[in-house]
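No value in this document is a laboratory result; all are computed from the given coordinates. Since we're looking at a predicted model, the values are computed, not measured. Here the Cβ positions follow ideal geometry from the backbone for every residue, glycine too, while neighbour counts run over all protein chains shown.
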Amino acid sequence: MTLLIEKPQISIVIPLYNEEESLPELTAWIEKVMNQHNYTYEIIMVDDGSNDDSWNVIKKLSAGNKNIRGVKFRRNYGKSAALNKGFEKALGNVVITMDADLQDSPDEIPELYDMITNEGYDLVSGWKKKRYDSKLTKNLPSKIYNSVTRRLSGVKLHDMNCGLKAYRHDVVKAIEVYGEMHRYIPVIAKWAGFKKIGEKVVVHRKRQFGVTKFGWERFINGFLDLISIMFVSRFGRKPMHLFGTLGSILFLAGFIIAGYLAYAKLFLAGYRMTERPLFYLGLLSMILGTQLFVAGFLGELITRNSSDRNHYLVEEEA
Ligand SMILES: Nc1nc2c(ncn2[C@@H]2O[C@H](COP(=O)(O)OP(=O)(O)O)[C@@H](O)[C@H]2O)c(=O)[nH]1
Ligand SMILES: [Mg+2]
């Protein structure tokens, strides 16, 4: 029994920023669901430098229930940072993340838990099939963004960025989220080698208190983050393979052009080399090729020095 208390079945990680009104109702609801199913659980609330009364509310809730813990950041670092901290602290066999604003329903937890423990999923993402947010600024852009991400990453989820997700314990310990990478956790998990990634249609509710914290800037940042993730996971350990190849091809093309022009000048006579557009193309191609090659070489030197260059996730040993 003591073991169970140390390692709960479920850890619920809740990143939040200025959600003082929602927290009491949310925790009461989670408690109700947990008690109905007799789960051992912990709730980890990560207050990301809120400037409302959220932290005091959390301290009060924590005093009233030993399963509730809180962490408060000194300033606002963003949702990814809060999730990362929560993942670090989570002890449970299954880790569930959810939004603090009561838009995600705790009633989904038992089924999510089941999918991880009994159906063998590594990660299950919620899918807000019927979504109660502004159509123009949320629902439509989100559809486009999800389809682009699906195509680029090969992770077939309808709702990549749903706050409600369930993870096997190993997954949250293996992945690292920072910046605004929380949007792509399923992609990160897939690249880390977790194959069974699924989704579950979840109930979504209207925001009752407070306001949304994500505006338009999320599109640009989100897209740049996707490119970083794709690049780092494919070429992060071998940048020369990308830059070296491109650089060599360009340089070679430039070299051939230069060779041809020299030949034309020497043997076909009468040509004014520098007046031909091809001359500039050849020149440009050689310079860019060299630069790309050097970029790849520098990248290679940097990865050689990175502390996790030999960090691999071992699935099993026999
Ligand atoms: N830790 C942290 N959580 C945040 C931040 N911004 C929003 N959140 C939380 O992320 C969840 C979803 O945010 P919300 O504004 O409702 O986004 P929306 O549902 O897409 O409109 C809520 O629980 C927020 O409190 C932040 O800067 N840091
Ligand atoms: Mg919300």
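In the chain, a dipole from Cβ-located charges (positive for Lys and Arg, negative for Asp and Glu) runs towards its positive end, and of F293, Y178, I109 it is F293 whose Cα lies farthest in that direction. With the simple spin-label model, which puts each label point 7 Å out from Cα in the Cβ direction, the A318 to A192 separation comes to 2.5 nm. Working note: Cα gyration tensor of the stretch 2-235, eigenvalues times five, square-rooted, sorted largest first, giving semi-axes of 26, 21, 17 Å. Once the Cα atoms are used to define both axes, helix 239-263 deviates from the longest principal axis of the chain by about 20 degrees.
Looking at the stretch 239-305, I'd like the Rg to Rh ratio, where Rg is from alpha-carbon atoms and Rh is Kirkwood's inverse mean 1/r. Present the calculation step by step, with values, prior to reporting the outcome.
Values: Rg = 15.2 Å, Rh = 12.8 Å.
Over the Cα atoms of the stretch 239-305, Rg/Rh equals 1.19.
Paramagnetic label reach from F223 (point 7 Å along Cα→Cβ; backbone nitrogen cut-off under 18 Å): within the stretch 170-192, residues 180-181, 183-184. Comparing Cα centroids, the stretch 122-187 and the stretch 53-97 end up 21 angstrom apart. Once the Cα atoms of helix 140-153 and of the chain are each reduced to a long axis, what angle between those two axes, in degrees from 0 to 90 to the nearest 10, is obtained? Helix 140-153 and the main axis of the chain meet at about 60 degrees.
Please compare each pair in K85/K195; K32/K128; K238/K265; K173/K213; K60/K195; K85/K196 to a cut-off of 31 Å on the Cα-Cα distance and tell me which ones are over it. Distance filter (> 31 Å) returns K238/K265; K60/K195. A simple charge model with +1 on the Cβ of Lys and Arg, -1 on the Cβ of Asp and Glu and nothing else charged puts the dipole of the chain at about 1060 debye relative to its Cα centre. Helix 54-64 sits at what angle to the longest principal axis of the chain, using alpha carbons and giving 0 to 90 degrees rounded to 10? So the inclination is approximately 40 degrees.
Exposure proxy for W29, W216: other Cβ atoms within 10 Å of each Cβ, ordered fewest to most, give W216, W29.
Specify whether the C-alpha gyration tensor of the stretch 105-211 places it in the rounded, prolate or oblate class, a ≥ b ≥ c being the square roots of the eigenvalues: rounded for a/c under 1.5, otherwise prolate if a/b is larger than b/c and oblate if not.
Working: a/c = 1.76, a/b = 1.26, b/c = 1.40.
Judged from the Cα gyration tensor, the stretch 105-211 comes out oblate (a/c at least 1.5, b/c at or above a/b).
Where both bridge residues fall in the stretch 2-235, DSSP classifies roughly 30% of the beta bridges as antiparallel.
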